1. Report, by residue number, each residue of region 83-106 that is of a type outside the set (G, A, S) and surrounded by fewer than 19 Cβ atoms within 10 Å (Cβ to Cβ).
2. Name the residues in region 182-209 that are surrounded by fewer than 12 Cβ atoms within 10 Å (Cβ to Cβ) and either basic (K, R) or more than 30 Å from T154 (Cβ to Cβ) (or both), would you?
3. Search region 14-32 for residues being over 14 Å from the mean Cα position of the chain (by Cα) and at pLDDT 95 or above, and hand back the single one that is farthest from L100 (Cα to Cα).
4. Among Q155, Q246, Q234, Q242, which is in contact with a helix residue (DSSP H, G or I) (Cβ under 8 Å, 6 or more places away or on another chain), polar (S, T, N, Q) and in contact (Cβ under 8 Å) with a residue 24 or more places away in the chain?
5. Pull up region 162-175, narrow it to residues that are closer than 21 Å to H245 by Cα and either of a type in the set (V, I, T) or buried (at least 22 other Cβ atoms within 10 Å of the Cβ) (or both), then point me to the one that is nearest to the chain's Cα centre (by Cα).
6. Test I204 against the criterion of being within 15 Å of the chain's Cα centre (by Cα) and in a strand (DSSP E or B), and give yes or no.
7. When the residues of region 127-161 are filtered to those that are of a type in the set (S, T, N, Q) and over 19 Å from Q206 (Cα atoms), which remaining residue is surrounded by the fewest Cβ atoms within 10 Å (Cβ to Cβ)?
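The values are calculated or read from the model by the stated rules, or taken from the named source; none is laboratory data. None of these values were measured; they are calculated from a predicted model. Ideal geometry is used to build each Cβ from the backbone, glycine not excepted, and the neighbour counts take in all protein chains shown.
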Amino acid sequence: MGQTTINVVILVSGNGTNMENLVLSLHNKTITQAMRQNGMNLTKNHVCEEVKPLQTSPDAFVINSETTQDSMLAKDPIINVLSIVSNNKDAHALVRAKRLGLHTHTIDSAGKSRQEFDEELLIYLENLEKEHGLDCILLAGFMRILSGEFLAKTQHIRILNIHPSFLPLHKGLHGIEKSYADENDFGGVSVHFVTNELDSGLIILQEKVKKIPNESLEDFTQRIHEVEYRIYPQAFLKAFAQGIHQEIQKES
């Protein structure tokens, strides 16, 4: 049997820095190649370990050999970013994607209801799936809330999101600003599955970012982004190596 692929679509709305980092970290690489590039390594027992001592919690970084999908790792599939999709025709992420040689597609959300937009997006994704197969959708600065109906129809596909706080703290908008202003001595970054409830899906990987006294919001924000760029690819790889899923319940 030939080498398989993990086909990915990335949804974007804005500048596209997280999208670009995901592409550079994952696209056209095998699972094991991407793991090594992103500071993860497979032992002879298929345990995924940290190479660089960057994580505050090593346990968050280790993939248990008992839950590793041995058949997938044996095939060592290639990660393929099929398309960068935006709801904003002016998103700079589309410019970045084209520079990287990636296919782009726009479904303008302006003037559309949530249902109308989700239906158009679903049709596009279903066509991609029929032609190529679709395994994962990554939200990277995507400023839309996907409906329960959309999630129910795509529950066979992993859908991941990154949030700039140490969830469950500060769900929703302005996670960085809220973390900066609260009384905790840390902010954080979390990568989780997308579910009907905002920023409440199963957390795949998260990391605290310790606050520095008298640090500006701008500097704090930059450190949050640096962690985002590191752990989003790691979380994607962890989800596939462990075969982690989360079922989406239909809205009543």
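1. Across region 83-106, the qualifying residues are K89, D90, H92, V95, K98, R99, L100, L102, H103, T104, H105, T106.
2. E183, D185
3. Only one residue fits best here, namely T30.
4. Of the residues listed, the single one that is in contact with a helix residue (DSSP H, G or I) (Cβ under 8 Å, 6 or more places away or on another chain), polar (S, T, N, Q) and in contact (Cβ under 8 Å) with a residue 24 or more places away in the chain is Q234.
5. Applying the filter and picking the extreme gives I162.
6. On the way: within 15 Å of the chain's Cα centre (by Cα): yes; in a strand (DSSP E or B): yes.
So I204 fits the description; yes.
7. N127
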